[in-house]
1. Rounded to the nearest 10 degrees, what's the angle between the helix 4-22 long axis and the longest principal axis of the chain, both from Cα atoms, 0 to 90?
2. Amide H of Ala84: which non-local residues (sequence gap of 5 or more, or other chain) have their own amide H closer than 5 Å, using H built in the peptide plane?
3. Would you kindly derive the ³J(HN,Hα) couplings of segment 63-73 from the backbone phi angles with the Karplus curve 6.51 cos²θ - 1.76 cosθ + 1.60 (θ = phi - 60°), listing them in order in whole Hz, with x for Gly and Pro?
4. Please work out the Kirkwood hydrodynamic radius for segment 194-273, using every pair of different C-alpha atoms, and report it in angstroms with one decimal place.
5. What does the charge count near Ser313 come to, summing +1 for each Lys or Arg and -1 for each Asp or Glu among other residues with Cβ under 12 Å from its Cβ?
6. What's the center-to-center distance, using Cα atoms, between segment 320-340 and segment 225-280 in Å?
7. What distance in nm separates the two pseudo spin-label positions at Arg327 and Phe272, each 7 Å out from Cα along the beta-carbon direction?
8. Could you give me the ³J(HN,Hα) list for segment 152-164, computed from phi with Karplus coefficients 6.51, -1.76, 1.60 and θ = phi - 60°, whole Hz, x at Gly and Pro?
Amino acid sequence: MMTQDDVERFRQWVDEGLRASREGNMDKARRCYEEVIAQGERPEYIAFGDPEGKRFVCLALLLIASLLKDHDDVDEAIRTAKRAMFYPDLRHFAHSILGQSYLKKDLVVEAEREYRQSLEWSPSESAIVSCLVSLGSICRHTGRKPEAQRYLERAIHYEPEEEEAHYNIGALFREEGHRDAAQEHLEKAVELDSDYGLAHYELGRLHLEAVYDASDRQSRRQAAEWSEHHLRRAIELRPDDIWNHAWLFHLHVVMERRRKADEFGRKMIATFPLSSLAHWVYGEFLAATEPPSQRGEALLRKAVALDPDDGASHLALGKALLRWGHRSEARTILEKAYQLGYDKAKFLWKTDVPPEWDNHL
């Protein structure tokens with residue numbers, strides 16, 4: 001059986017591994033955890049079923065699985081976490097790592113199953129907060145908004161300073177049109193973490209919606225300033241996320257800053273040369289000019305070519321062709337947009353009415 005000295009030695013290996021992980025020395029961290037496993041599986045511990053030995057081996061396996069998951073070796077992370085199911089007090093940790101790993105593989109059903117299992121095995125309220133947030137996020141993105149809200153409110157009840165919970169419920173409230181509640185939670189997320197790029201993005205979207213509904217010029221300008229502030233901050237923090245750029249471009253269009261929009265659109269295409277979204281939002285802006293813009297048409301056609309399964313780019317091209325009088329080709333393109341989920345496209349080809357340029361970002 002393990003002595004107190006054995007326990008202390010194992011704890012030191014784990015602490016050293018955690019310290020190395022925080023310092024970014026993943027090789028050293030893994031060596032420390034593997035030493036725990038090697039020592040914990042010694043015959044004298046295994047033979048007597050020593051609970052402390054089992055616990056340290058299980059913990060080391062899970063810490064290795066977490067390292068693997070964070071470094072995108074997801075399949076090995078899953079295999080390693082599954083090896084660590086033998087110690088009941090740590091099963092919540094194992095299921096949580098499996099949930100995170102499955103999400104990285106876009107296996108949402110499997111991830112949700114693991115998070116639910118983690119909730120069942122969690123030994124304390126504090127241990128379940130991350131699972132509640134993850135389940136809330138999954139439910140939000142799969143259209144189960146009331147269920148998402150319940151999970152996220154429960155997470156905030158247990159941990160009022162959990163920024164990810166505030167971000168997710170704020171985004172959910174924005175999507176549901178509850179702007180005051182959305183602003184309260186999103187601003188709380190940014191207060192807790194000023195570098196939370198996704199929260200800045202959602203605040204940019206929220207203030208942009210206020211631009212649409214502003215009743216006077218001053219309110220409109222103030223909402224636009226806040227929207228631009230948060231979207232620029234989102235770009236600074238997450239420069240590779242095309243949606244940050246697309247919505248800031250859209251803000252310039254909405255505010256009728258034509259020169260700024262054109263300059264920003266060119267820059268967006270240069271930054272994201274293979275993005276269908278970048279091409280169709282800028283192409284639609286150019287296509288709205290009179291006479292028809294050859295450059296706008298070229299960008300819209302390239303957007304469709306870059307992503308043949310993107311209904312938004314088909315809708316944008318179809319609208320442009322319809323407006324320019326190319327009705328036969330427009331119908332073909334709009335039918336495709338309808339098949340890809342854009343019901344508005346069916347109205348356009350059925351009525352044969354040249355559309356207004358209501359950017360559908």
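Each reported figure results from applying straightforward, stated rules to the coordinates on display, with no laboratory input. The structure presented is a predicted model; accordingly, all values stated were derived computationally and were not measured. As a convention, Cβ positions derive from the backbone with ideal geometry for all residues, glycine included, and neighbour counts pool all protein chains shown.
1. Once rounded, the angle reads 20 degrees.
2. Sorted by chain and number, the residues that satisfy this come to none at all.
3. With the stated coefficients, segment 63-73 comes to 5, 5, 4, 5, 4, 4, 4, 5, 9, 6, 8 Hz.
4. This gives a value of 12.6 Å.
5. Local net charge: 0.
6. With segment 320-340 and segment 225-280 each reduced to a Cα centre, they are spaced 26 Å.
7. With each label point 7 Å from Cα toward Cβ, the separation is 3.5 nm.
8. With coefficients 6.51, -1.76 and 1.60, one gets 6, 5, 5, 4, 5, 4, 6, 9, x, 9, 8, 5, 5 Hz.
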